[in-house]
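What follows is a single structure, written as structure tokens, with notes after it.
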Amino acid sequence: MSFIKFALRNLFAHKARTILTLGSMTVAVAVLFTLVSFNRGYEKALKTQLQGMGIHMMVVPVGCPYEAASLILKGGKISSYLPADVLNQVQGMPEVDVAAPMFMSGIVRPDEGRTDIYVGIDSTTLRLKNWWKLNGRFFEKPTDVILGNDVTLIELSHVGDQIYVPEKDMTFDVVGELQPTGNQDDGFFYVPLATAQAMFGQPGKLTGVSIRLKNPDDAPIVASRLGKIRGAEVITMGELLGTMMTLMGSAKSLLLSIVLIIIIISALGVLNTVLMSVFERTKEIGVMRATGAAQTHVFGLVWLETLMLSLLGGVGGLGLALIGARALESVVKRFLPLAPKGSVVALEPGSFLVVMAFVVGIAVVAGFYPALRAARAKPIEALRSE
């Protein structure tokens, strides 16, 4: 215990320098822990979200199928449309259980800082998304609208109310409200398919067809057939997940490069702090050696100081991460495609182990040279120094 107290006293002999070093370590550990936890949680949440959609594949307009699928699932506006006869061809395939058409477009409201996404659907969507829980009823007339859960909070509208859309000079009757789904479905206005097509001047056109197969193993066969439809491309949810993770990998590589720089700076900061401490205590180390302290004792003392400095920074970083992880996550998610709703930071034991391994690694690397230099100091020369 006295050995530890002695090490702590040496560390905080120069408080400003030690506190600055602890600060850089704290930031490095916090960022590293958040990124590790976010990476684990993002992939898990994305898989859960895609599987929960009950969609095995999507038919989208010719172009970049991954971009179109991502925009459709997230509520973005795409610039091209599917031919009118695609739906009949898809529904005619014996392997297809449900083929749900949709037409999606948005009304930008810059004064309110939002875009209202209108999704035209028909009753097949209820079969596709059989987990939906609807308060009210489905469409019976062209001017009926069903509100996603988030929309009800924004519009402050409920079943029985009316919503006026000045941009289209249309009034809708709210006939249903979706209970929370936990995904992008909560943020949409749902109207009859033909109504959405007419609202945005695209009669008979579709932005996508979502498909559930009778047997998911038939996906390659169906995808091959769908790929031959003129003006249409197909993407499976498995392919979309792989693409999303690849895109995330690019963003993660950039972030990890930043973390690597922080790690190097932190290691150099620890090295500088401990090395300066050794230089300033040369005479003290000489006294220790002259009074019987072995080289291993001196080496162990300096290395213990390095380890304690790193561990203090690690604990502080974990605490900072637990407090600020959500804020950093919200920033990172803005740059990721199809980011799942809610928090995806996974506070798993593995993440703590990775971070602690990083902390110990810094202590081992940064503390070796100062500890070795202190242990090799000759008592007579050390006692002569001032």
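The values are calculated or read from the model by the stated rules, or taken from the named source; none is laboratory data. Predicted model, so just to flag it, every value in this text is computed and none were measured. Here Cβ is always computed from backbone atoms with ideal geometry, including for glycine, and neighbour counts include all displayed protein chains.
Here are a few things to note about the model shown:
- Being in the same structural domain as E112 (by TED's automatic domain parsing), at pLDDT 90 or above, touching a Lys or Arg at 6+ places or on another chain (Cβ under 6 Å) and closer than 16 Å to V145 by Cα is a property that M199 has.
- Qualifying residue in the range 54-66 (condition: modelled with pLDDT under 60, of a type outside the set (S, T, Y) and within 26 Å of the chain's Cα centre (by Cα)): yes
- So A267, is it at pLDDT 80 or above and not in a loop (DSSP other than H, G, I, E, B): no
- Members of the range 175-205 found to be within 30 Å of the chain's Cα centre (by Cα) and not in a helix (DSSP H, G or I), listed by number: E177, L178, Q179, P180, T181, G182, N183, F188, F189, Y190
Conditions (1) assigned to a helix (DSSP H, G or I); (2) among the β-branched types (V, I, T); (3) surrounded by 15 or more Cβ atoms within 10 Å (Cβ to Cβ); (4) at pLDDT below 60, marked per residue:
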{"position": "P337", "(1), (2), (3), (4)": "no, no, yes, yes"}
{"position": "S351", "(1), (2), (3), (4)": "yes, no, yes, no"}
{"position": "V359", "(1), (2), (3), (4)": "yes, yes, yes, no"}
{"position": "A363", "(1), (2), (3), (4)": "yes, no, yes, no"}
{"position": "F368", "(1), (2), (3), (4)": "yes, no, yes, no"}
{"position": "R373", "(1), (2), (3), (4)": "yes, no, yes, no"}
{"position": "A377", "(1), (2), (3), (4)": "no, no, yes, no"}
{"position": "A382", "(1), (2), (3), (4)": "yes, no, yes, yes"}
{"position": "E386", "(1), (2), (3), (4)": "no, no, no, yes"}
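For every residue, the table says whether it meets (1) outside any strand (DSSP E or B); (2) at negative phi; (3) in contact with a strand residue (DSSP E or B) (Cβ under 7 Å, 6 or more places away or on another chain).
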| site | (1), (2), (3) |
| --- | --- |
| A84 | yes, yes, no |
| V98 | no, yes, yes |
| M102 | no, yes, yes |
| V108 | no, yes, yes |
| G120 | no, yes, yes |
| T125 | yes, yes, yes |
| W132 | yes, yes, yes |
| F139 | yes, yes, yes |
| L153 | yes, yes, no |
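- Restricting attention to the range 92-148 and to residues that are closer than 22 Å to A232 by Cα and charged (D, E, K, R), the residue that is surrounded by the fewest Cβ atoms within 10 Å (Cβ to Cβ) turns out to be D97.
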